[in-house]
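The next block holds one structure in the form of structure tokens; read it before the comments.
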Amino acid sequence: MPLSPDGAPVSPSSSVHQEALETLDAKRAYLRFLDMPINRKIMAETESGFRKQGIDHTADLEIGSLRAAQNFWVAPDMVTLVNGAFSTMPDEEVLLEEPPAPHGFLLLGKPFTQRCSDIECGLDHPFIGFHWRPAHRVLPANQYADEQHDDGLLFTWLAPVSADEREWMPTPFSPVNSASFIPTGRPLNTSYSVEIGAMSAESAELCKYARAMWTLMQQPLATNTDAHPYRALRRRLEKDNHPPAPVTLVTLRRKVGARAGAGEGSTVDWSHRWVVRGHWRNQWHPRLQQHRATWITEHVKGPQDKPLVVKGKVVVWRR
């Protein structure tokens, strides 16, 4: 039986907890990396660019948010679900309460990849997680509009650092490009934003992915449990003045069984069962007190005593 860093026996079921707790050490290394003089200098040079957009984005704000952020680790099966669902997520009004925490640090159990639009590259670039925090934007008045104030969310995507890069970059991941701002209180029309050049296709895709992740991880199809740092890890975190907070594990809830669905209690004599593909449905969200898109996972409908007829491609998840 494997042992924990404290020397205690670890059951096979807790191996996922061990992997999730690595999030805290990874975040600790990333914070040290951001606090290095050279990286503070780089962030200072980008401050003016954000200031022109009416956003405060400094090294101190970023580091302070990361220290305060709730930690999340998303299991590979949950990543698979988001990978299949995010592209069809509707462009609804963005809410400041949409994320599961005001400040968040989220790592993926397996990378999410995105095809580069640069024709000279064309490679699939991996992303391993993202960090978000609340932000405020002030757009100055011009001849066409008055001064505009927007509350919103600022998030930064993280890419894994290769083994070769780790020799000179002491962090398991690094920020990708610059942070993206999402204004709240209005629909996020990503297609139109890309069309008029206000948002790149890559940014729009990453934005949709983050929103789908926030939505799906708070729905009943996901289960959230906390993994608390063991003694040696707590000491390392405290030494770096880093709060030893738990990591929330986000995993896909196991299916209890096939759903009978339509046909039960009705007079229709169905001749077979069928597969309903995963899709988004507009349903009432009690926490947000409004209707929001809800992911309906793939399931079987029809009478249990009828044969299953499968048409087209069906993706089967084995757990």
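Inspect all residues belonging to the stretch 207-219 and state whether any of them is at pLDDT below 85, aliphatic (A, V, I, L, M) and open to solvent by less than 50 Å² (accessible area, probe 1.4 Å). No, the stretch 207-219 has no match at all.
The set of residues from the stretch 48-69 being touching a His at 6+ places or on another chain (Cβ under 7 Å) and surrounded by fewer than 19 Cβ atoms within 10 Å (Cβ to Cβ) comprises Arg67, Ala68. When the stretch 166-206 is filtered for residues that are touching a residue at least 24 places away in the same chain (Cβ under 8 Å), under 19 Å from the mean Cα position of the chain (by Cα), assigned to a loop (DSSP other than H, G, I, E, B) and within 30 Å of Arg32 (Cα to Cα), the ones remaining, listed by number, are Pro172, Val176, Ser178, Ala179.
I'd like the full set of residues that are of a type in the set (Val, Ile, Thr) and either surrounded by fewer than 16 Cβ atoms within 10 Å (Cβ to Cβ) or under 21 Å from His242 (Cβ atoms) (or both), limited to the stretch 81-99. Within the stretch 81-99, Thr88 is the sole residue that qualifies. Residue count for the stretch 120-141, restricted to those that are touching a residue at least 24 places away in the same chain (Cβ under 8 Å), more than 20 Å from Glu97 (Cα to Cα) and over 18 Å from the mean Cα position of the chain (by Cα): 3. Reported count of residues in the stretch 155-165, each being closer than 16 Å to Ile38 by Cβ and either at pLDDT 90 or above or under 13 Å from the mean Cα position of the chain (by Cα) (or both), is 1.
Checked against the criteria, Tyr144 does not count as assigned to a helix (DSSP H, G or I), without any contact (Cβ under 8 Å) to a residue 12 or more places away in the chain and open to solvent by 10 Å² or more (accessible area, probe 1.4 Å).
Results for (1) modelled with pLDDT under 90; (2) closer than 18 Å to Asp77 by Cα, shown as yes or no for each residue.
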position	(1), (2)
Met1	yes, no
Ser11	yes, no
Ser15	yes, yes
Glu19	yes, yes
Ala29	no, no
Arg32	no, no
Asp35	no, no
Arg40	no, no
Met43	no, no
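Scanning the stretch 41-84 for residues that are within 16 Å of the chain's Cα centre (by Cα) and either outside any helix (DSSP H, G or I) or acidic (Asp, Glu) (or both) yields Ala69, Gln70, Asn71, Phe72, Trp73, Val74, Ala75, Asp77. For Ala227, are the conditions met, namely being of a type in the set (A, V, I, L, M), more than 15 Å from the chain's Cα centre (by Cα) and open to solvent by 10 Å² or more (accessible area, probe 1.4 Å)? No; evaluated as a whole, the condition is false for this residue.
The values are calculated or read from the model by the stated rules, or taken from the named source; none is laboratory data. Everything quoted here is computed from the prediction, not taken from an experiment. Here the Cβ is made from the backbone with ideal geometry for all residues, glycine too, and neighbour counts use every protein chain on show. Please note that ligands, DNA and RNA were not included when accessible areas were found on the heavy atoms of the full protein model with its side chains. Shrake-Rupley method; radii C 1.70, N 1.55, O 1.52, S 1.80 Å.
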